Structure formats: structure tokens, C-alpha cells
Amino acid sequence: MTTAELLLHPVRLRIVQALLGDRTATTAQLRTLLDDVSTATLYRQISTLVDAGVLEVVSERRVRGTVERTFRLVTERAQVTGAQAEEMSADDHRRAFLVFAAQLLDDFDAYLDDPNRRGMADDVVGYRQVALELTDAEALDLVGEMAQLFARYAELGPGPGRRRRLISRVIMPARDPGDPSPEE
């Protein structure tokens, strides 16, 4: 199974997302976070991620005759590399993007349905699109600078007054206005 196939399964993607940012969780905690997923499915998908080296067991303890394991995401194993992305077909990318977009929509729906939601401005929630005129080198610089900025804030970790925030990124060249639409 390729890394993309492994990560872009809807339940496995949600498990990975739950552990982003150096978080750890037990299976019971993951069951609470993914309460719409059957226990058998959750255990099976966790096992698949452990077998693939995407999750690692950081501790085990006995709880009422069973072993409770705590998992951590192995970040470097939870990414599709540039070389792997190049090997994917256009249809593979479409399926992967559909899973990505569906998860984004699910996260946004959960936010909108949250009874404790204060409002978009107060919760610092938004969605924006910007178009920049960049050379490939400038686009690579931008991506590198964004990665450094995200890393700086990721180091802060949990703390008083902090909330876990999701930032999703899609970067692609825009269609030239002179290009025909796909329907033409």
C-alpha cells in the first residue's frame, strides 16, 4: 500500500489529524474523538497505521485486565513525499483531494455545529483565497517561509488560552484566463 493510499483513507486520515502537533492519545481517547466510527473499524485502522510505522506506541499500561496503549504520530511517515506525489495518476490525485476536501468540510461543519462557538471573528475563523504572481522559485520561497512560520508556532504547544487550530493549504497554478475551459 502506498503512503497516499494509507493516509487518504477517511478514518485513517482522521486518526492522523487527531495526533498532529506532537499529540498523544489512547485508543479510548481516539474513540471519543471519532465517536461516529465503530470500535472495530477504529482498532483495525489504528493497527494498519501502527504496522505501517505511521503511529508508534509510546506507552502501555494495564487497565482492568487489558493493555491500554498510547500512540504518537511519526510525522515523517505521515506525509506523501514529492516523489510519491509524482507517481500518482491524475485520478489518484482527484481521489486524494476529494478525501482532503471532504475532511476539511467535515471539520468546518463540526465548528459550525459547535454550541460553544462564539462567532467567526471571535474564534479567528475564516477562509480566503489569494492569487499571487510568482515565479516557481518565488513560490518555493513562499512555501519554505510558510513552513518556517508554522514550525515556529507549532513549537508553542498547548497552554493556557491556546486552542488547537487547523490551517489547511492548497497551492496550485491558476488557469490562464486565455485558456479554454475544460468543457470547450
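Since every read-out is calculated from the coordinates, none of them should be taken as a lab result. What you see is a predicted model; the values in this text were computed from it and never measured. Note that each Cβ is placed from the backbone with ideal geometry, even for glycine, and that neighbours are counted across all protein chains shown.
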The answer for residue 26, listing residues at least 5 apart or on another chain whose modeled amide H is closer than 5 Å to its amide H, is 71
Taking alpha-carbon centroids only, segment 24-57 lies from segment 116-184 a number of Å equal to 28
Counting only other residues whose beta carbon sits under 12 Å from that of residue 132, what net charge do I get with K and R as +1, D and E as -1?
-3
Once the Cα atoms of helix 136-154 and of the chain are each reduced to a long axis, what angle between those two axes, in degrees from 0 to 90 to the nearest 10, is obtained?
30
³J(HN,Hα) across segment 25-38 via Karplus (A = 6.51, B = -1.76, C = 1.60, θ = phi - 60°), whole Hz, x for Gly/Pro?
7, 7, 4, 4, 5, 5, 4, 5, 5, 10, 5, 8, 9, 4
Taking 0.36 nm per residue of sequence separation and subtracting the Cα-Cα distance, how much length would be gained by fully extending the chain between residue 50 and residue 171, in nm to one decimal?
40.5 nm
Amide hydrogen neighbours beyond the local backbone of residue 21, cut-off 5 Å, H modeled
none
GNM flexibility winner over the chain from 135, 48, 39 (Cα, springs under 10 Å):
135
Could you tell me the ratio Rg/Rh of the chain? Both radii from Cα atoms, Rh via Kirkwood.
0.99
Within 12 Å, Cβ to Cβ, of residue 117, how many net charges do the neighbouring residues add up to if Lys/Arg are +1 and Asp/Glu are -1?
-3
Other residues with Cβ under 13 Å from the Cβ of residue 101 give, with Lys and Arg +1 and Asp and Glu -1, a net charge of 0
Assertion target for 68, 155, ordered by fewest C-beta neighbours within 10 angstrom first, is 155, 68
